[in-house]
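Trainee: Before anything else, here's the structure in question.
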Amino acid sequence: MQSSLQPKSPALVDGLHVGIIMDGNGRWATRKGMSRLRGHEAGVEAIRRVVEAAPDQGVGTLTLYAFSSDNWRRPRAEVTGLMALLRVYLASEVESLARNGVRLTVIGRRDRLPGGIADAIGRAEAATRSGRTLHLRIAVDYSARDAILDAAAKARGIEGLTRDAFSDLVTGEAGLRDVDLIIRTSGEQRLSDFLLWEGAYAELHFTQRMWPDFDADDLAQALASFRGRERRFGGLDAVPLAPAQSV
Ligand code: IPE
Ligand code: IPE
Ligand code: MG
């Protein structure tokens, strides 16, 4: 019964799991007198930079919050623009992700995504399935509370359900590492329904940097701050962090 009493302690082999709430695209653009959509476009460039930098910085799994289930409340033109960007990203990026050993998975609901995107996601996941350098998870139409609710529905009737088995249902992935660090850009300090289960013991890092300006150095700074912390998981002793360059 130990697993139901203790938080899963981090494995040391596969690199850290970092989640990023990529916030501030709209304000970044507005301050420059540009449309919010231009900010989202610049945000895609930041995604490219961070995905490229992550493996060398000891990140094995990177979960990026791209569109929340509550973001459907935004004006239709912005939602349409964001979906178009997602479509372009999937089409243009798959080849280089596969070439660089990045395995892409998309978490969240797919049934509300506009025409063809769900299929494009399936194709991108299939094409990058064998990637071992980095597991890139993009959260689209994602709500952590809904993910937990869906898992609870699936778990109904399973006898002797363990915390680990329930985690697999929440994340949709067998043995996914708990989130080590959640970064949020743009100065906001809240989780906005992101990784509430997997992030139970995540360290939090908030930066004023707007997402379109975020780069490899900002990631390195966040990780340096993370590595300077002591994680205790409820006990009294510090649990060793994953090694600095573990992938
Ligand atoms: C984050 O930037 C991207 C999405 C939520 C899709 P925002 O669009 O939230 O930017 P701000 O917070 O309005 O500046
Ligand atoms: C959270 O940002 C979602 C994403 C970054 C995709 P929001 O900008 O939507 O969050 P709130 O509304 O400020 O909490
Ligand atoms: Mg925002």
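Trainee: For region 194-206, check the following and say yes or no: at least one residue is assigned to a strand (DSSP E or B) and touching a Phe, Trp or Tyr at 6+ places or on another chain (Cβ under 7 Å).
Mentor: Yes, region 194-206 has at least one match.
Trainee: So, in region 142-180, how many residues would count as being surrounded by 13 or more Cβ atoms within 10 Å (Cβ to Cβ), hydrophobic (A, V, I, L, M, F, W, C) and farther than 16 Å from residue 108 by Cα?
Mentor: Qualifying residue count, region 142-180: 5.
Trainee: Another question, then. Output the residues belonging to region 193-210 that are hydrophobic (A, V, I, L, M, F, W, C) and under 14 Å from the mean Cα position of the chain (by Cα). Walk me through how you get there before you give the answer.
Mentor: Filtering region 193-210 down to residues hydrophobic (A, V, I, L, M, F, W, C) leaves 194-197, 200, 202, 204, 206, 210.
Passing the criteria: 194, 195, 196, 197, 202, 204.
Trainee: Just a yes or no: is a residue in region 170-179 without any contact (Cβ under 8 Å) to a residue 24 or more places away in the chain and under 24 Å from residue 233 (Cα atoms)?
Mentor: Within region 170-179, one or more residues are without any contact (Cβ under 8 Å) to a residue 24 or more places away in the chain and under 24 Å from residue 233 (Cα atoms).
Trainee: Conditions: (1) outside any loop (DSSP other than H, G, I, E, B); (2) in contact (Cβ under 8 Å) with a residue 24 or more places away in the chain; (3) touching a Leu at 6+ places or on another chain (Cβ under 7 Å). Residue 212 meets all but one. Number of the miss?
Mentor: Only one criterion is unmet by residue 212, namely (3).
Any read-out appearing in this document is the output of simple, stated calculations on the displayed coordinates, not a laboratory observation. This one's a predicted model, so the numbers in the text were calculated from it and none came from an experiment. Virtual Cβ from ideal backbone geometry, glycine too; neighbours counted across all protein chains shown.
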